[in-house]
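The values are calculated or read from the model by the stated rules, or taken from the named source; none is laboratory data. Bear in mind that the values here come from a model prediction, so they are computed numbers and not experimental data. We place every Cβ from the backbone using ideal geometry, glycine too, and count neighbours over all the protein chains shown.
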Amino acid sequence: MTIDRKLLIGVAAIAVLAGGGGYLIARTFDPHGAPVRHEEHAEEEHEDHAEGYVALTPADAPAAGVELAHVERGGGADLLLPGRVAPSANAQSMIGSPLDGTIVEMHVSTGFNVKKGGAIASIRSPDGAAARAELDSARAALDVAEAADRRDTSLLEQGATSKQQWEATHAAMLKAQADLRAAEAELAAMGSPNSTGVVVVRSPISGAVVRISTSPGAVLDDGDEIAAIADSSRSELVFDAPPASIGAIAIGTHIEGRGASGEVIEGEVTGVSPGAGGSSATVRARILGPAPPAGTVISGRLAQAAGNVMTVPSDAVQTVEGRAVVFISEPGGFRARPVITGRVGGGRTEIISGLQGDEQIAGTGSFLLKAELGKGEAEHDH
């Protein structure tokens, strides 16, 4: 074979590390013997791999501040509701004064934990003293009536008294028993004051004192509030809903609450109460899982209709080069995938297209991946 008959194509591949470039250069010769430079295909493949890609394994992501999340599916019409954590209706008690009187002593203060039957306050009442005196009088009258009944019963058996006389004596004894029962019931309703009219008001439930409504020396009427007790271990979620929405909220519906710090409180609707005069309706939900302290302010998200809309945490959506992207988890890192977003609410964003629905994605902290991606592109430009 000669150069005149055929062009001799000599190829000499020389791997040379380009200064600061970090890629391989191959040297070839054209038919005229002039060298030609071009970048190795492996470098092109590397650039394709690196485009929109951040090398961070899912196992290392949490330590880097990136939390993993999943795509969720649900109804496309979500209702956002303001709400709070409150004691359950049967886990709180407003303790009122059982009679007219004056506060002698408060045995608790706000935040104090009491057991069922624990002392709340002592009240002195003239009505209480009178009720105690009536009870003592009724007991004495019964003693007399019972003695008379025993005497006439004995005389009747001996034929020394008439049956009519015994019947009158026996009826008086039965009335005395009824009077005693009435006096006992009245005294019990007053809290069983002692002979001086002092009654100790006690808590009907165990819990924490959430409100004190009076103080020593205050004069109370029957029924005036003394304190409020709540069992903090029995809480529920309470939301305010627009009146027009109550027809779409069904018992048993799942509702998701979020606190100010982002914690999620799962719940299940147990009741819906329409508001009076066009005011907001009240939605109550049973808490599924740990309960925050009563009084915690939350927001609720409730799916009103069935659907198959994909949603992701709003923190997962970032903007790269003017496009909305979500970082998809891959074995060796995360890749930015463009998406088309829809409505935003309750801390979540609808994904209209761009995802299949089974991806694991970067949620909270995805902005760190965006920053790392921008840093890598800047270095590549230089």
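Looking at V71, V85, which is the one that is in contact with a strand residue (DSSP E or B) (Cβ under 9 Å, 6 or more places away or on another chain), closer than 30 Å to E225 by Cα and modelled with pLDDT of 85 or more? So the residue among V71, V85 that is in contact with a strand residue (DSSP E or B) (Cβ under 9 Å, 6 or more places away or on another chain), closer than 30 Å to E225 by Cα and modelled with pLDDT of 85 or more is V85.
Of the set (1) over 21 Å from T110 (Cβ atoms); (2) in a loop (DSSP other than H, G, I, E, B); (3) not aliphatic (A, V, I, L, M), all apply to E266 but (2).
Let me confirm something: among D358, D315, which residue is farther than 28 Å from S261 by Cβ, outside any strand (DSSP E or B) and at pLDDT 80 or above? Working first, answer last.
Working: D315 fails: farther than 28 Å from S261 by Cβ.
Within the list D358, D315, the selection yields D358.
Looking only at the stretch 199-207, decide whether some residue is surrounded by fewer than 18 Cβ atoms within 10 Å (Cβ to Cβ), of a type outside the set (D, E, K, R), touching a residue at least 40 places away in the same chain (Cβ under 8 Å) and under 30 Å from T270 (Cβ atoms). Yes, there is a match, as at least one residue in the stretch 199-207 is surrounded by fewer than 18 Cβ atoms within 10 Å (Cβ to Cβ), of a type outside the set (D, E, K, R), touching a residue at least 40 places away in the same chain (Cβ under 8 Å) and under 30 Å from T270 (Cβ atoms). Is it the case that the stretch 152-159 has a residue that's in contact (Cβ under 8 Å) with a residue 24 or more places away in the chain and either buried (at least 19 other Cβ atoms within 10 Å of the Cβ) or within 30 Å of E236 (Cα to Cα) (or both)? Looking for residues that are in contact (Cβ under 8 Å) with a residue 24 or more places away in the chain and either buried (at least 19 other Cβ atoms within 10 Å of the Cβ) or within 30 Å of E236 (Cα to Cα) (or both), one finds none in the stretch 152-159, hence no. Among residues of the stretch 167-187 that are more than 17 Å from G128 (Cα to Cα), those with a Cβ under 8 angstrom from a residue that is at pLDDT 95 or above and loosely packed, with under 14 Cβ neighbours inside 10 Å, sequence gap 6+ or separate chain, pair up as T169/R151; A176/V144.
Kindly check whether there is at least one residue in the stretch 140-158 that is touching an Asp or Glu at 6+ places or on another chain (Cβ under 7 Å) and assigned by TED's automatic domain parsing to the domain that holds S215. Let's see the steps before the verdict.
Within the stretch 140-158, the subset touching an Asp or Glu at 6+ places or on another chain (Cβ under 7 Å) is 141.
If we keep only those that are assigned by TED's automatic domain parsing to the domain that holds S215 too, we end up with 141.
Yes; the residues of the stretch 140-158 include at least one that is touching an Asp or Glu at 6+ places or on another chain (Cβ under 7 Å) and assigned by TED's automatic domain parsing to the domain that holds S215.
Part of a loop (DSSP other than H, G, I, E, B) and not polar (S, T, N, Q) - does that describe any residue in the stretch 151-163? Yes: one or more hits.
Within the stretch 92-100, one or more residues are in a loop (DSSP other than H, G, I, E, B), farther than 30 Å from E330 by Cα and in contact with a Gly (Cβ under 6 Å, 6 or more places away or on another chain).
From the list G118, G83, pick out the single residue that is of a type in the set (G, A, S), assigned by TED's automatic domain parsing to the domain that holds V272, surrounded by 13 or more Cβ atoms within 10 Å (Cβ to Cβ) and on the phi < 0 side of the Ramachandran plot.
Numbers: G118 fails: assigned by TED's automatic domain parsing to the domain that holds V272.
Selected residue: G83, the only one of G118, G83 that is of a type in the set (G, A, S), assigned by TED's automatic domain parsing to the domain that holds V272, surrounded by 13 or more Cβ atoms within 10 Å (Cβ to Cβ) and on the phi < 0 side of the Ramachandran plot.
Within the stretch 228-240, how many residues are at pLDDT 85 or above and either in a loop (DSSP other than H, G, I, E, B) or over 30 Å from I120 (Cα atoms) (or both)? Let's see the steps before the verdict.
Narrowing the stretch 228-240 to residues at pLDDT 85 or above: 228-231, 235-240.
The next check asks that each one be either in a loop (DSSP other than H, G, I, E, B) or over 30 Å from I120 (Cα atoms) (or both); those that pass are 231, 239-240.
Within the stretch 228-240, residues that are at pLDDT 85 or above and either in a loop (DSSP other than H, G, I, E, B) or over 30 Å from I120 (Cα atoms) (or both) number 3.
Determine whether T364 is farther than 30 Å from G83 by Cα and at pLDDT 90 or above. No, not satisfied.
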